[in-house]
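What follows is a short report on a single structure.
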Ligand SMILES: Nc1nc2c(c(=O)[nH]1)N[C@H]1C(S)=C(S)[C@@H](COP(=O)(O)OP(=O)(O)OC[C@H]3O[C@@H](n4cnc5c(=O)[nH]c(N)nc54)[C@H](O)[C@@H]3O)O[C@H]1N2
Ligand SMILES: Nc1nc2c(c(=O)[nH]1)N[C@H]1C(S)=C(S)[C@@H](COP(=O)(O)OP(=O)(O)OC[C@H]3O[C@@H](n4cnc5c(=O)[nH]c(N)nc54)[C@H](O)[C@@H]3O)O[C@H]1N2
Ligand code: SF4
Ligand SMILES: [Mo]
């Protein structure tokens, strides 16, 4: 019998698409976008459109497995390296190991490692957190992605709210700033196309000529890591030429005089030297942005993957506050919308359990520095690593150090996965994980304001278990008798919705199950401005303008051009530009090329790269793109094998001499290590250095040299 189940895509992507799964006789036979989802409107990205290939891939992990051969890449011989065991055996072995480690070294010798495999509220962070808190394990600082930008944004606005995607149809000037919309946030694109049909201009600021840049009205290639200088110079022009909104600034901001003095030090001529964008273009950009209204900025996390990433985001976040574009439908800025959901995460995660285990908070280990943690952390050293929702042997910087740590024979590693990844190459135990077809969850978003329940469509394949079920079972094996480890999925969803956040008022699981998606309740939320929709709105809702009347969640209640909090943390309280240490303007010597270790347009970080039907959409994964000037200077021609190297490592790739990057910049995509000749991916070159704010990763400030490869 055929039926259709409503689900929501949980991948680490702003769009959180509404999905319809057709099931015929227990088997999923079709996936399509839910046409009734107001934002994602019935289409899926190319990779998830092929999701049946993922769910029913012959390469799925379907049973618990125990290693029977030494750690290391095993190619296709997975079944010679791992032997099938029962769940009972697996759980016993893990529980016994953990008990021994705790007896010998204390629980902080155990480290969980998870990130964005699923962003479902339950399978992303709930039962797992309860388990590791109750265990007293080291806490993982999960900052590999977005924290510099978040802290930078919040230093101005106090909360991560942004322009709704639906409102971009009203914009007349759109800046895609470090934002590959067409690749990474494709459901915003139709709104931008509509706006352009009505005369809007799309400007792209990106060091790499992305798909989005190719489609722009005006493409401004910028030197990596120099965005704060550009934003400061724009503010210089806007303030000098009196193009700012004096009324908005006086009512809703603090620190304007400090900002004015600071921006004064960044005339376009100075910023041009850092950014590589001419002073005339900077002036034109500033004038157009301030006067062609409404103007909106879609800024994405590419801006903050460098040492000064927090400051860069802070500088850009000031722009709409200066020109008052938060007041306009189709104005403002979007980095993320996630701050609006305010689910009851403490009920889901229960951090108080840590107190019970240790009587104090457990030590914190930063996930970006996994290599160092595995190799050099002491008191106690890490004895066990539990990986789920992540593939650190591919996505973590300083890959060679990560692998050196993962190879330690005395390290006990468990990996809960859907596939045999680069990381399972080093696992002692591999556990089979469900996909979102096989479990239920609650789904928020970071690119729109709709909450969804994602229903279970099919039975788990083989002996797969969801993250929630796995950690519930493991808690039982460890003898944890707290009631919270027996809580059902539905009860956890109910708890997540029991929040003091007024925007969740009246939203229940039962309603979500019936209505599939519900827009957050802006009408009752105190201070959320209600403005009448105009004729170009695609839906009958009232546009949400988060900061039209101030309502900033900073300590001062205003947009902070001056931040006492930053000052307390030893940072510039206003805003400033410092070039990344590892850049042509920085202190590194001998490694003259700036590397962008980018995301593939058709994969999702390392996910999907192993599926042949998806991989074929991303040809020539082993390319290093470079400018003809840099290639010629090194005797390199298009198609040559080259070696890219720096003090952390080296990788052999194929030169692709094209116009994607400017002189001084090279680019390559993130792939699985095992698909790269030599067995290490582009992260052999990236570093563990953390950002100025938020302790995030600096994937995009890396210097390398490139030469012809001679075998
Ligand atoms: N197709 C696809 N979609 C994805 C992902 C994926 O891997 N593939 N990943 C998902 C994840 S985890 C995230 S966090 C989001 C994030 O998505 P984005 O933040 O959009 O991702 P990035 O590709 O890191 O960066 C965006 C752009 O910033 C540019 N950039 C790099 N450095 C600089 C700089 O210094 N200044 C400026 N102005 N631009 C710079 C890059 O060239 C890139 O085109 O996307 C999600 N969606
Ligand atoms: N060079 C370079 N490196 C990068 C980046 C870059 O731009 N360049 N981007 C960085 C960024 S922004 C991010 S967010 C990180 C992402 O790093 P990760 O969060 O590790 O992302 P993925 O590579 O998607 O790996 C997620 C894994 O989780 C598994 N998984 C999916 N669902 C489930 C589930 O329900 N349960 C379990 N147990 N497993 C599941 C998937 O099969 C997949 O192998 O990568 C970072 N690394
Ligand atoms: S990965 Fe993003 S665009 Fe693709 S289906 Fe999932 S939420 Fe939608
Ligand atoms: Mo990310």
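I need the full set of residues from region 129-156 which are assigned to a helix (DSSP H, G or I) and either within 20 Å of the chain's Cα centre (by Cα) or within 13 Å of ligand 4 (Cβ to nearest atom) (or both), in order please. If the condition is that a residue be assigned to a helix (DSSP H, G or I) and either within 20 Å of the chain's Cα centre (by Cα) or within 13 Å of ligand 4 (Cβ to nearest atom) (or both), then 129, 147, 148, 149, 150, 151, 152, 153, 154, 155 are the ones that fit.
Out of all the residues in region 257-278, which are within 21 Å of residue 558 (Cβ to Cβ) and under 32 Å from the mean Cα position of the chain (by Cα)?
Those that are within 21 Å of residue 558 (Cβ to Cβ) and under 32 Å from the mean Cα position of the chain (by Cα): 259, 262, 263.
Scan region 507-536 for residues that are in a loop (DSSP other than H, G, I, E, B), over 15 Å from residue 448 (Cα atoms) and at pLDDT below 95 and the total you get is 12. Would it be correct to say that residue 298 is modelled with pLDDT of 95 or more and in a helix (DSSP H, G or I)? When the stated conditions are applied, residue 298 does not pass them.
Assess whether residue 564 counts as being assigned by TED's automatic domain parsing to the domain that holds residue 670 and surrounded by fewer than 21 Cβ atoms within 10 Å (Cβ to Cβ). Judged against the criteria, residue 564 is not a match. Taking residue 78, is it touching a residue at least 60 places away in the same chain (Cβ under 8 Å) and either surrounded by fewer than 17 Cβ atoms within 10 Å (Cβ to Cβ) or within 16 Å of ligand 1 (Cβ to nearest atom) (or both)? So residue 78 passes the test. Looking across region 16-42, the residues that are touching a residue at least 40 places away in the same chain (Cβ under 8 Å), farther than 16 Å from residue 441 by Cα and within 12 Å of ligand 3 (Cβ to nearest atom) come down to 34, 37, 39, 40, 41. Among the residues of region 652-660, none qualifies, meaning not one is outside any loop (DSSP other than H, G, I, E, B), within 14 Å of ligand 2 (Cβ to nearest atom) and in contact with a helix residue (DSSP H, G or I) (Cβ under 6 Å, 6 or more places away or on another chain). In the set (1) more than 30 Å from residue 100 (Cβ to Cβ); (2) surrounded by fewer than 24 Cβ atoms within 10 Å (Cβ to Cβ), the condition left unmet by residue 178 is number (2). Residues that are within 26 Å of residue 564 (Cα to Cα), crowded, with 24+ Cβ neighbours inside 10 Å and within 16 Å of ligand 3 (Cβ to nearest atom) within region 118-175 comprise just one, 146. Under the condition of being touching a helix residue (DSSP H, G or I) at 6+ places or on another chain (Cβ under 7 Å) and within 16 Å of ligand 4 (Cβ to nearest atom), the residues counted in region 14-58 number 3. Six or more apart or on different chains, Cβ atoms under 7 Å: show the pairs whose first residue is in region 538-559 and within 30 Å of residue 35 (Cα to Cα) and whose second is at pLDDT 95 or above and assigned to a strand (DSSP E or B). Filtered contacts from region 538-559: 541/519. If a residue must be in contact with a helix residue (DSSP H, G or I) (Cβ under 7 Å, 6 or more places away or on another chain) and surrounded by fewer than 19 Cβ atoms within 10 Å (Cβ to Cβ), how many such residues does region 242-255 contain? Residues meeting the conditions: 1. Within region 491-518, the set of residues being loosely packed, with under 14 Cβ neighbours inside 10 Å and in contact with a helix residue (DSSP H, G or I) (Cβ under 8 Å, 6 or more places away or on another chain) comprises just one member, 498.
Can you spot a residue in region 188-204 that is within 16 Å of ligand 2 (Cβ to nearest atom) and in contact (Cβ under 8 Å) with a residue 60 or more places away in the chain? For region 188-204, residues within 16 Å of ligand 2 (Cβ to nearest atom) and in contact (Cβ under 8 Å) with a residue 60 or more places away in the chain: absent. Screening residue 187 against (1) closer than 21 Å to residue 149 by Cα; (2) touching a helix residue (DSSP H, G or I) at 6+ places or on another chain (Cβ under 8 Å); (3) buried (at least 22 other Cβ atoms within 10 Å of the Cβ) leaves a single unmet condition, (1). Out of all the residues in region 296-311, is one or more away from ligand 1 (no atom under 15 Å from the Cβ), within 25 Å of the chain's Cα centre (by Cα) and either without any contact (Cβ under 8 Å) to a residue 40 or more places away in the chain or within 29 Å of residue 337 (Cβ to Cβ) (or both)? Yes, region 296-311 contains at least one residue that is away from ligand 1 (no atom under 15 Å from the Cβ), within 25 Å of the chain's Cα centre (by Cα) and either without any contact (Cβ under 8 Å) to a residue 40 or more places away in the chain or within 29 Å of residue 337 (Cβ to Cβ) (or both).
From the list 410, 422, 428, 441, the lone residue that is in contact (Cβ under 8 Å) with a residue 24 or more places away in the chain and either within 16 Å of ligand 3 (Cβ to nearest atom) or assigned by TED's automatic domain parsing to the domain that holds residue 599 (or both) is 441. At least 1 residues being within 20 Å of residue 459 (Cβ to Cβ) and outside the structural domain of residue 478 (by TED's automatic domain parsing) is the threshold, and among the strands (runs of 3 or more DSSP E) wholly inside region 2-100 those reaching it are 2-8, 18-24, 27-33. Checked against the criterion of being part of a strand (DSSP E or B), away from ligand 2 (no atom under 13 Å from the Cβ) and under 26 Å from residue 581 (Cα atoms), region 669-687 contains not a single residue that satisfies it.
The values are calculated or read from the model by the stated rules, or taken from the named source; none is laboratory data. Every value quoted in this text rests on a predicted model; they were computed, and no experiment measured them. Backbone-built Cβ (ideal geometry, glycine too); neighbour counts: all protein chains shown.
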